[in-house]
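Throughout, read-outs are computed from the coordinates displayed, never taken from laboratory work. Please read these numbers as outputs of a predicted model, since none were measured by experiment. Cβ sites come from the backbone with ideal geometry, for glycine too, and all protein chains shown count toward neighbours.
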Amino acid sequence: MLESKQREFWFVVGSQHLYGEDTLNSVREHAEEMAQSINDHLDLPYPVIFKDVVKTADEIKDLMKEVNYQDQVAGVITWMHTFSPAKIWIPGTKLLQKPLLHLATQYHQAIPWDTIDMDFMNLNQSAHGDREYGFINARLRKNNKIIMGHYEDKEVLSEIQNWMLSAIGFVESQAIKVARFGDNMRNVAVTEGDKVEAAIQFGWTVDYFGIGDLVEEMDQVTEEEIQKVYEEIQKLYEMTPGDNDPDFYEKQVKEQIKIEIGLKSFLDKGGYTAFTTNFEDLHGMKQLPGMAVQRLNAQGYGFAGEGDWKTAALDRLVKAMTQNTSTGFMEDYTYNLEPGNEYILQSHMLEVDPTLAETKPRVVVQPLGIGDKEDPARLVFDGKAGEGVVVSMLDLGTHYRLVVNTVEAVTPEEEAPNLPVARVVWKPNPGFKSGIQQWLEAGGGHHTVLTLALEKEVILDWAKMVDLEVVLID
């Protein structure tokens with residue numbers, strides 16, 4: 001399994017020396033209690049750690065330097081408990097290179113009218129401090145998130161959790177490395193893109209390799225390694241030889257296993273977290289990678305076909321945010337235009353991500369009418385149902401654009417006995433015709449990433465963090 005690094009978030013509270021040590025001690029006690037409460041109510045493996053009550057420009061600057069330096073820190077959550085004059089935040093905030101959440105909250109939920117006095121007012125000034133802090137972030141043009149409400153409120157906690165997933169995406173994005181085996185599919189437009197700009201804006205590294213580099217790695221795979229994986233897949237999937245001779249079926253399946261082991265070895269040696277293949281460039285290979293890609297998808301590697309490195313990187317990005325849950329590369333194929341039951345059939349030649357599987361995958365060997373190679377093995381299944389988000393990354397020449405569409409995925413009810421590939425079905429929002437028209441007007445591609453494990457706000461917040469134009473179809 002391709003695992004992400006351990007991450008954490010720092011909780012930083014703003015104040016100043018004006019109020020005296022007793023007040024600052026109370027601020028610290030409140031902050032520690034709040035951080036613990038937030039941790040107790042979040043369903044994420046990323047702890048929120050109370051770091052400090054900062055009172056001077058130097059304290060803030062030193063802390064932000066540490067945030068940038070510590071790889072495990074995915075972002076900063078700030079809270080203005082009292083009035084923290086915003087000029088002291090300028091040097092540190094300018095240095096900050098990781099996501100920033102301004103949590104506009106306060107320790108108490110209701111104003112205690114029967115006991116409130118000026119001591120209480122001086123201690124609890126979040127409404128005061130928020131305005132000063134909000135202004136300076138706007139003046140500095142920080143792409144920070146603002147969440148308003150009491151820290152124990154369920155909606156507020158949900159928003160915090162979504163932002164944390166976006167921040168995980170931001171830091172993981174800086175480490176995405178895509179290996180391209182072959183170039184883009186000839187004459188296809190939407191899969192092209194500016195790799196230098198992607199490195200600058202998103203942190204993505206994209207490297208080209210000839211298919212011979214992969215074949216060389218595959219040649220190092222032993223029969224013992226192949227047999228071990230073969231025994232594993234017999235337990236995981238439904239082996240379906242169909243009309244194939246059993247020996248031929250086993251041979252074709254084992255060839256995919258050889259590709260899988262070679263691919264994983266190549267990617268891991270180079271630190272690559274995503275990859276692309278191209279059916280027009282298979283010299284030296286017996287099959288187009290099918291089940292091999294799908295099994296690597298299940299381990300968390302990003303992928304896209306036809307050399308589409310943008311979608312491969314996007315796939316890895318969303319997998320990192322969802323912890324590889326119900327997320328994968330997808331391609332629009334054909335419409336169902338039956339009145340009142342319109343939807344889009346999504347699939348690919350072979351490589352549909354098994355994290356989206358509702359039914360137990362079957363290992364099928366069938367001819368592939370493209371690529372001029374041997375019959376490849378692939379996993380066949382029906383996709384899950386649920387509310388989802390579909391994203392497509394475009395290079396418009398002057399800038400990148402992300403097209404985001406919320407969809408309703410449905411598990412197919414009809415059988416498709418002659419379709420030897422996995423299938424996913426969805427209905428776009430706000431309606432079938434309107435959703436598709438808006439997608440086409442925005443330039444949305446035929447390659448996408450579907451996730452059934454994120455709310456759209458997670459994607460939108462990530463896009464804001466990286467200064468990415470977004471077209472939302474909802």
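What are the extents of the Cα atoms of the stretch 8-173 along their three principal axes, listed from largest to smallest and rounded to whole Å?
The Cα atoms of the stretch 8-173 stretch 50, 34, 25 Å along their principal axes.
Just from the alpha-carbon atoms, what are the Rg and Dmax of the stretch 164-312 in angstroms?
16.6, 52
Note down, for the stretch 34-80, the three equivalent ellipsoid semi-axes (square root of 5 times each alpha carbon gyration tensor eigenvalue), biggest first, whole angstrom.
22, 14, 6
Would you kindly derive the ³J(HN,Hα) couplings of the stretch 452-469 from the backbone phi angles with the Karplus curve 6.51 cos²θ - 1.76 cosθ + 1.60 (θ = phi - 60°), listing them in order in whole Hz, with x for Gly and Pro?
Per residue, the Karplus-derived 3J(HN,Hα) values read 9, 10, 10, 7, 4, 4, 5, 5, 5, 5, 4, 4, 5, 4, 10, 6, 9, 5 Hz.
For the stretch 275-316, state the semi-axes of the equivalent ellipsoid (square roots of 5 times the eigenvalues of the alpha-carbon gyration tensor), sorted largest first and rounded to whole angstrom.
18, 13, 5
List the residues whose amide H sits under 5 Å from the amide H of residue 176, counting only those 5 or more places along or on another chain, with H placed 1.01 Å from N in the peptide plane.
205
Please list, in chain and number order, the residues 5+ apart from residue 98 or on another chain whose amide H is under 5 Å from its amide H, with Hs placed from the backbone.
none
Count neighbours as other Cβ atoms within 10 Å of each site's Cβ, and list the trypsin sites (Lys or Arg not before Pro) in the stretch 1-81 that are DSSP loop with at most 14 such neighbours.
Listed in order of number, the matching sites are 5.
List the chymotrypsin sites (Phe, Trp or Tyr not before Pro) within the stretch 85-134 that fall in a DSSP loop (any state other than H, G, I, E or B) and whose Cβ has at most 10 other Cβ atoms within 10 Å.
113
Using the Kirkwood radius built from alpha carbon pairs, what does the Stokes-Einstein equation give as D for the chain at 10 °C and 1.306 mPa s, in µm² per second?
In µm²/s, the coefficient is 66.
So what J values fall out for the stretch 20-35 if you push phi through Karplus, 6.51 cos²θ - 1.76 cosθ + 1.60 with θ = phi - 60°, rounded to Hz, Gly and Pro as x?
x, 5, 4, 5, 5, 5, 5, 4, 5, 4, 4, 5, 4, 5, 5, 4
Taking 7 Å along the Cα-to-C-beta vector as the label spot, tell me the residue 396-residue 415 distance in nanometres, rounded to one decimal.
4.8 nm
Within a 10 angstrom radius of the beta carbon, how do 22, 353, 114 rank from fewest other beta carbons to most?
Fewest-to-most Cβ neighbours within 10 Å comes out as 114, 22, 353.
In the stretch 1-90, which GluC sites (Glu not before Pro) are in a loop and have at most 13 other Cβ atoms within 10 Å, using DSSP for the loop call?
Passing both the DSSP loop test and the Cβ count: 3.
Can you list residues whose amide H is under 5 Å from residue 52's amide H, if they're 5+ apart or on another chain and H is modeled 1.01 Å from N?
13
Rounded, prolate or oblate: pick one for the stretch 91-166, where a ≥ b ≥ c are the square roots of the eigenvalues of its C-alpha gyration tensor, a/c under 1.5 means rounded, and failing that, prolate if a/b is larger than b/c, else oblate.
Verdict is oblate for the stretch 91-166.
Round to a whole angstrom and tell me the spacing of the C-alpha centers of the stretch 319-344 and the stretch 93-116.
Answer, in whole Å: 39.
With N denoting the number of residues in the stretch 284-343, provide Rg(C-alpha) divided by 2.2 N^0.38 Å, to two decimal places.
Rounded to two decimals, the normalised Rg is 1.40.
Counting Lys and Arg as +1 and Asp and Glu as -1, what is the net charge of the other residues whose Cβ lies under 10 Å from the Cβ of residue 416?
Net local charge, residue 416 excluded: -2.
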